[in-house]
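This report refers to the structure that appears directly beneath it.
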Amino acid sequence: MIAAVQASQVTKCFGGLTAVNTVDLIVPKGSISSIIGPNGAGKTTLFNCVSGFYVPDSGEIQFFGQPISGLATHQISKCGIARTYQNIRLFKEMTAVENVLVGQHHRMRSTWIEAIFHTPRYYQEEQKALEKALELLDFVGLSGLEDTPAYNLPYGAQRRLEIARALASDPALLLLDEPTAGMNPQETDEMTAFIKNLRDTREITILLIEHDMRVVMDISDQITVLDYGMKIAEGKPAEIQSNQRVIEAYLGPGAAALSEKFRRKKTLYAYS
Amino acid sequence: MKTSLTKGLRSGIVFGIVFIFLMLIGFINVGADMVGDISSASAASGAGGRLPVGDLLIVIAVFGVFCGIAARSKSEEVQWWSALLGGLTAGITAGLLMGVAIWLVGSLSLDGVDFRTYLPSLNPASIQYLTFYSYPQSAGLTYLMYMAIFSVAGAALAWLLSFRDWLAKSWNSCKTGLGGWFEKKDVSRIFSNQWLMIVVFLAAGILLYFLPLAWGSYWNYIMGTVAIYILLGLGLNIIVGYSGQLVLGYVAFFATGAYTFALLTAPTPHGIEMNLWLAVGLSILVSTLTGLLLGLPILNLRGDYLAIVTLGFGEIVRILIRSDLLTSLTNGPKGVTSVGQPNLFGSPFSDVNFMHLLMLLVLIGLFIAKRLKDSNTGRAWIAIREDQTVAQATGINTFKHKILALLLGAAFAGLAGALFASRNQFTGPEDFTLMVSVNVLCIVIVGGMGSLPGVVLGAFVLKGIPELLREMADYRLLVFGALLVVMMIVRPEGLWPARRVRFKRSHADPDRQDAVEVEV
Amino acid sequence: MKFKNILVLMIVFVLALSACAPKPAEVSDDLPAACQEDAFGCAVIPAGETIKIGMGAPMLGDYSMFGIDISQAVALALEHDDGFEGWTYELIAEDTGGAPEGGAAVANKMVTDPTVAAIAGHIFSGSTDAAMPIYEKAGLPMMSPSATNPDLTTKGSTVFNRLAFTDAAQGAAAADLLFNALGFTKIAVMHDGGTYGQGLADVVKAAFEEMGGEVVGYEAVTPGEADYVAPLSAVAAGEPEAVYFGGYAAEGIVMMNQWSQAGLDGVLFFGCDGTFGVEFTDKTGANGEGAIAASLVPPDSEEKAAFDAAYAAKFPTKAGELSAFTWSSYDTGGVLIAAIESVAFVEDGKLFIPRGALVEAVRNSDYVGLTGLIKCDAIGECNASGPAFYQVVDGEWVPLAAAEE
Amino acid sequence: MASGYPLPQQKSKLLLHKGWGSEVTSPSFHVYRSEIILMINKLKNQRLTLGLILRLLLGLAVVIYLGWRIYQTAFGEGTYGPDTWMRFLITGLVIGGMYALIAIGYTLVYGILFMINFAHGEVMMLGTFAGYFVLEAFAAIPAPTVANPDLNFLNAQPVIALVLTFLVGAGFSALMGYMLEKIAYRPLRGAPRLIPLISAIGASIFLQNAAQLLFGPQRRQYLNPDFLWRGTGWMILVGGKEVMLTYTGVFSFVLSILLMIGLFIMVKKTKLGKSMRAVAENKQAAALMGIDVDSVISKTFIISGILAGAAGVMWGLHNGLFNHFVGFLPGIKAFTAAVLGGIGNIPGAMMGGMLLGLLESIGPALLGIDFQLKDVIAFTILILVLIFRPSGLLGEALSEEKV
């Protein structure tokens, strides 16, 4: 299995605090792997290191074998990594279609001079981009709303628009930062189904940060658990559920013994 | 009851102080003359040099009415008598203030105090005029009485106006009626169907051709300056309006453009006297290079840091042009004289031909800016303006695009500078002060950030109004400054705010024929 | 949506309105013969209108002192004249903001008004330069009291004349006085960075070095600074015997007050006509002792005293307080009136002033005013009398003894 | 969820190389080693982008140029003796003090509203006018004594007169600052960032022309009390020559230092200072904490007005001549100083002001360029500082939405 993302010994410090401490992460191609951990465990920092927002202090990140740790974010995005944000950061003044069109920006070859004279290449490229954008909007279920400015869209629609924008640059790796945050159960199920459909129809590797355990356990092929910047466990959802250290990380020191008692009763209290 | 009293008191004080201020700067006399000109009945005012007192009374009356309205405007559903009371208090307080001031000034100037060492516009003649050529005490009382009466009238008017039923309805209905008519004739609706657009453009073209012929040389010159400032506005609009970089030193590019053209075509300092159109091209190139020179080291700056650095750069260019260091190159503070003027089939450019050339270039500029705005680069710029980090993360090379915006803006400024120098046939360092960059920034923001019609409107307003206010003589800039403040409060989003372009859905979904509007 | 439409209609309305602005009265065919064959036609002034004299001056902004002082002096001159057969004179002073662009705008406005006969000014060399070609085309004679940039008269313009003596004349005279009369060999030259100041400074520097003298310091001060001790100290380091300053009174006064502070005690301050005036003496007080300056102020005469009294009565400031060009502006008014009255004629109730004839009349005017004889040479230099030099002796400007012998 | 879990945070850095869970060794040596290693790794990972190379080259070129010019002036011609350098220093400090006071006004306003207060120079000009009228009034009040019959109040009690002049000047500017905020900026509180800037420009044009119309265009002279007459001062011997320390210069410098210290204490220690800092940090949070944001903002404008007024009166006393245009140039210079020191940071503004003053007086002499280009040097240094420290000398890297 080829590793889409290979992070080896990645460390990132902010002044005295080490947010991410020698983490090794392998994200197999075509899989949905997610990173979980308590608040402040360094999930978003690791995410930002992968997407180039931070330059890791030490260690290496490779994307399909190609080192990307020092590159600027737009170069990393050109290699085919796209991401969404924990708190939605859309281009508010622009309409939904334009947000998606901006996503395709680095795929388009036409320069500003061609734009002035509307050369045929420019015209076709714009039309193709527009069609792709409209098709993407239909795909994420925003077909009727393409002309509304982003700040007018409802919360769920804004989340999906952000994903549509990320998909616009047809990435090989999609980084989703808490896609279901702030969603009611019905929307969460829709989003989970959507992510699964995404992985199957478009064979994109997906790296996920999520707090909602049911979503994580339901769709991830591989889970990595971070705690205080260090990786404390990695593996299939089933292994993670029973791993001592993960429970302690989540429920505190004595919890491991307690959960062992309940395990015998085959009820999964810990993850209601 | 109490609220209308305090409101009346406050508005009274405010209007009193404003009147005293206007009196001290002599604006009341100018106001009275204007009233005199309008009524023009009392044109023959030569009776012993005594100006018609009636005009002054009209000015005070108008003042009183506004004071009454202001005292009444915001308070909610109140009986008529407390409204009138509010108006009365406002009138009395304002009248008291004005009366006492006039009485003080009048009596002091009667026993020989000369205010003019400290307040020059209070010359004895105007003081007598303000005290109705009579005793200061009686003048003070007349002020008090007038203000009281008229502000009560104003309060009554305001109260009536806010009278809900038939009066307000009729007013609103005619407003909507008018609005309705406008809706049908909505400007952007015209653009929808093809034929109407062509007709409109043709009509505009013919109008634009014939207008300069009808204008005298003065209006041609003013409209020429407006056209040059539109070009500058288009350039700065790309930098500030699209890509959101606040540049306060835009005059640097304008100056380089003008000086390059002047030095290349003027006989005096270097005598190169190059062909004019080549000189225009070179001046655009030189100012773009200055843009590059400025842009490369500082583009990782943001917000106000970028503003002050570019302001500094503008000042550096201005000082260098004037300095002894470069006198051999730029002829120092004397400026460059007899700059070349283009000639049309031999005969030198008359101001009408110049106006046509400027209009042509403005149209080309608008066309380029429009195409850029809707292009892939345009969207990248606006993304950078919205949120630079996310824009970079979605694959936009922000450094490249910001430099591109700066260079395009500099090119526009270079062209405008060359035209400016050749039109005046002279260019000196005093033309390129900080106020030019400030004016162009005002044009872009007052017009509406990132909107092309906004730049055109802004240029008309920012350059047109000071000329229209020329009759106000010395009060020209005072009113202009006040107007800027009021305009920003009344309409912060600009005269013609930018509206995103709506897209056609013809191919993706043939059966859904949305109303399609392409906003200029 | 509605607000925009109103705006669009308003702009179109304004454009149309400006289109049908009062077009210059077509020259009716029954014009008197003199106007028809005159190259530039005639200024036609119907009864009841005034003969307008235009002026482009910095009425607002940092240099508004000059605009206001000069316009007041010219207006006073027009008032003192009892008019020409029932037509009185009127001055229209428009603000140029001290910039060439403003100068050209004002020039274009003056040219469109048929009742404007002549132009008093413009005031600053920059805006004069920009306005000249426009007046040249329209045939409006110019007489500037204060534009001193020497190249203005080298451009071969027929309409431009000036009362102020050029920087070249004043600079040469000053350098000669410094080197020969006062016998200085080491001087420093300073200026305020303006067209007038730097022009003068360059001329003096060149002339002085030509005569064999040595210029030890050449610095500029920036108007509006807190103090000028730094440039003054830099100049003081070269130990000059005298410091020549080209610039206006405001900077001169501050420099004099900081003279000892910069270590220039005992060094002579040699100013130019911009620093001359009653304002300099009473604002420098003791520090100003011994300062020399060229003068625009005419020698005392009863007409001057009468003018000063009239000026002080009508305006808030005394003559010469705002700027040193008050008296030459009064004479500018006088010269223009004399020229107009020499060519104007009345025909069937309207006053006609043939413009071409007026331009020649102004060019070879021969008028004795406050500042002495005013006689213009071929290129428009009308200040016959050279610069007189004055020195501050216990608080008063006294003609410099050295200059006499 | 992870409550009660022992926080290994402090130790984690120490255990960088020991792997998970082994015993802790003495911290001192390992900590430094790990710091160095982190630094090296960070540099290794930092890609050498085009911008970085350009900046390094530019920095190198500037250092070489400065070194060469300084070498040339110090050891080369040596035109200026030590006394001239002392004069440059004195005038630099005096001007620096005034710039610092005005710059603090800019920084206070920027810290609170993130807005460049273009009309601040005009507020200073109005303070100068207020001080002028007070001094004229005092000079007109006769206070004859036996010794000197025509003594006026100004010279009879100079100290009281001066104190009152500064109070009235600062008070009038404060009132103007308050009115400016209330009329021009309060309605635009929520507007996007560039809108108040244009309103400030409009207000600046309005105030300038109002002053010209009210008080006339001519330059007026400050009537200093006798003991503080311009051009007189102590004589100190430097390098054999006498250098004058003017009374007005020393007075201005000392007063500006006192005002700065007073302000610094006010901002750090008093309740109002705390609330100002809170509002600067986050307006909504401050409002939730019970701080009346509007009144704090008005007080900030009042304080910046006081400082500008004081600087205005000092300017009048020191320079002597002023008119309605006196606020324009110092306005731009002080804004440059505020940004040089790091906008929004009060000590930064003080340092920036002082530095700019010294730069303008010593810079041209040091680099052997003529004084006309002193503004060019000031702005070039500003640009260079901002290239290498994008948030000014003392400014902290402002977070994204603040910039």
Would you work out the relative contact order for the stretch A:52-162, in percent, from Cα pairs under 8 angstrom that are 6 or more residues apart?
-> 30 percent
In degrees, nearest ten, helix C:302-314 long axis to first principal axis of chain C (Cα) = 70 degrees
Phi-derived 3J(HN,Hα) across the stretch D:80-95 with the Karplus relation (6.51, -1.76, 1.60, θ = phi - 60°), rounded Hz, x for Gly and Pro, is 9, x, x, 5, 5, 4, 4, 5, 4, 4, 4, 5, x, 5, 5, 5
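Could you please report the charge total around residue B:257, scoring K, R as +1 and D, E as -1 over all other residues with beta-carbon less than 15 angstrom from its beta-carbon?
Numbers: positive: B:318, B:423; negative: B:431, C:101.
With Lys, Arg at +1 and Asp, Glu at -1, the net is 0.
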Residues C:122, A:105, B:270 arranged by fewest to most Cβ contacts within 10 Å | B:270, A:105, C:122
Specify which residue in the list B:289, B:272, C:237 is farthest towards the positive end of the charge dipole of the protein assembly as shown, using unit charges on the beta carbon of Lys, Arg (+1) and Asp, Glu (-1), about the Cα centre.
-> B:289
Which of rounded, prolate, oblate describes the stretch B:266-377, given a ≥ b ≥ c as roots of the alpha-carbon gyration tensor eigenvalues and a/c under 1.5 marking rounded, otherwise prolate only if a/b is larger than b/c?
-> oblate
Do any GluC sites (Glu not before Pro) in the stretch A:155-264 lie in a loop, going by DSSP, with at most 16 other beta-carbon atoms within 10 Å of their beta carbon, and if so which?
-> A:203
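For chain A, just say rounded, prolate or oblate: build the C-alpha gyration tensor, square-root its eigenvalues into a ≥ b ≥ c, call rounded for a/c under 1.5, and beyond that prolate if a/b exceeds b/c, oblate if not. Write down the numbers at each step before the final one.
On the way: a/c = 2.36, a/b = 1.63, b/c = 1.45.
The shape class here is prolate.
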Projecting the Cα atoms of A:193, B:350, B:254 onto the charge dipole of the protein assembly as shown, where Lys and Arg contribute +1 and Asp and Glu -1 at Cβ, the residue farthest towards the positive end is A:193
Over the whole of A:99-107, what's the average partner chain Cβ count within 10 Å per residue? Rounded to a whole number, please.
-> 5
In square nanometres, what is the average projected area of the Cα convex hull of the stretch B:218-432?
-> 12.0 nm²
From the residues A:213, D:75, B:425, which one has its Cα farthest along the dipole of the protein assembly as shown in the positive direction, the dipole being from +1 and -1 charges on Cβ of Lys/Arg and Asp/Glu about the Cα centre?
-> A:213
From other protein chains only, count the Cβ atoms within 10 Å of every residue's Cβ in B:118-125, then give the mean.
-> 5
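Taking R0 as 56 Å, what FRET efficiency do you get between residue B:345 and residue A:62 from their Cβ-Cβ distance, rounded to the nearest 0.05?
Efficiency computed from Cβ-Cβ geometry: 0.25.
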Can you list the residues, at least 5 places off or on another chain, whose amide H is less than 5 Å from the amide H of residue C:214, using H built in the peptide plane?
-> C:186, C:187
Note on the protein assembly as shown, DSSP bridge orientation, antiparallel percent to nearest 5 equals 55 percent
In the stretch A:1-53, trypsin sites (Lys or Arg not before Pro) in a DSSP loop with at most 13 other beta-carbon atoms within 10 Å | none
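Give me D:298, B:323, B:134 ranked fewest to most by other Cβ atoms within 10 Å of their Cβ, as a rough exposure proxy. Working shown, then result.
Values: D:298 16, B:323 22, B:134 12.
Listing D:298, B:323, B:134 from fewest to most nearby Cβ atoms yields B:134, D:298, B:323.
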To the nearest 0.05, what FRET efficiency results for residue D:61 and residue B:6 with a Förster distance of 45 Å applied to their C-beta separation?
-> 0.10
Relative contact order for the stretch C:325-405 using alpha-carbon pairs under 8 Å, separation at least 6, rounded to a whole percent?
-> 19 percent
May I ask for log10 I(q)/I(0) of the stretch D:85-388 at q = 0.09, 0.11 Å⁻¹, from a Debye sum over the Cα atoms as equal point scatterers with solvent left out?
-> -0.46, -0.68
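What average count of beta carbons from other chains do you get within 10 Å of the Cβ of residues in B:364-373?
Details: counts 0, 0, 0, 1, 4, 1, 1, 7, 3, 1.
That works out to 2 on average.
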Point-to-point label distance, residue C:50-residue B:491, nm (Cα→Cβ direction, 7 Å offset) = 3.7 nm
Taking the Cβ-Cβ separation of residue C:360 and residue B:465 as r and a Förster radius of 51 Å, what is the calculated FRET efficiency to the nearest 0.05?
-> 0.80
Computed over the Cα atoms of chain C, what is the ratio Rg over Rh, Rh following Kirkwood?
-> 1.03
Hey, what did the stretch B:278-428 get for relative contact order, percent, Cα under 8 Å, at least 6 apart?
-> 47 percent
Give or take rounding to whole Å, what are the principal axis extents of the alpha carbon atoms in the protein assembly as shown, in descending order?
-> 123, 86, 76
Measure off 7 Å from each Cα along the Cα-to-Cβ vector at residue C:305 and residue B:214, then give the distance between these two points in nanometres to one decimal.
-> 6.1 nm
Using modelled amide H (1.01 Å from N, peptide plane; none on Pro or chain starts), what sits under 5 Å from the amide H of residue C:144, excluding residues fewer than 5 places away?
-> C:121, C:161, C:162, C:163
Just the C-alpha atoms of the stretch C:322-382: what Rg/Rh do they give, with Rh taken as the Kirkwood radius?
-> 1.05
Lys and Arg at +1, Asp and Glu at -1: neighbours of residue C:286 with Cβ under 14 Å from its Cβ sum to -4
In the stretch D:298-388, trypsin sites (Lys or Arg not before Pro) in a DSSP loop with at most 13 other beta-carbon atoms within 10 Å = none
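I want the local charge near residue A:181. Using Cβ-Cβ distances under 13 Å, sum +1 for each Lys or Arg and -1 for each Asp or Glu among the other residues.
Its environment carries a net charge of -4.
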Residue-ordered couplings for the stretch A:194-211, obtained by feeding phi - 60° into the Karplus form 6.51 cos²θ - 1.76 cosθ + 1.60 and rounding to whole Hz (Gly and Pro as x), are 4, 5, 4, 4, 4, 4, 6, 6, 10, 4, 9, 6, 10, 10, 10, 10, 8, 9
Sequence order, the stretch A:243-253: Karplus ³J(HN,Hα) from phi using 6.51 cos²θ - 1.76 cosθ + 1.60, θ = phi - 60°, Hz rounded, Gly and Pro as x, gives 6, 3, 5, 5, 5, 4, 4, 7, 10, x, x
For residue C:347, list long-range residues whose amide hydrogen, built 1.01 Å from N in the peptide plane, is under 5 Å from its own amide hydrogen.
-> C:352
Express in whole angstrom the spacing between the alpha-carbon centres of the stretch C:79-110 and the stretch D:87-152.
-> 39 Å
The protein assembly as shown, helix-only ellipticity at 222 nm - DSSP H runs n ≥ 4, -39,500 (n - 2.57), divided by all residues, nearest 500 | -18000 deg cm²/dmol
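Could you list B:316, D:53 so that the one with the fewest beta carbons within 10 Å of its beta carbon is first and the one with the most is last?
By the 10 Å Cβ count, ascending, the order reads D:53, B:316.
Read-outs: derived from the displayed coordinates by stated rules, not from any lab. Keep in mind it's a predicted model, so treat the numbers as computed, not measured. With ideal geometry, Cβ positions are generated from the backbone for all residues, glycine too; neighbour counts draw on all protein chains shown.
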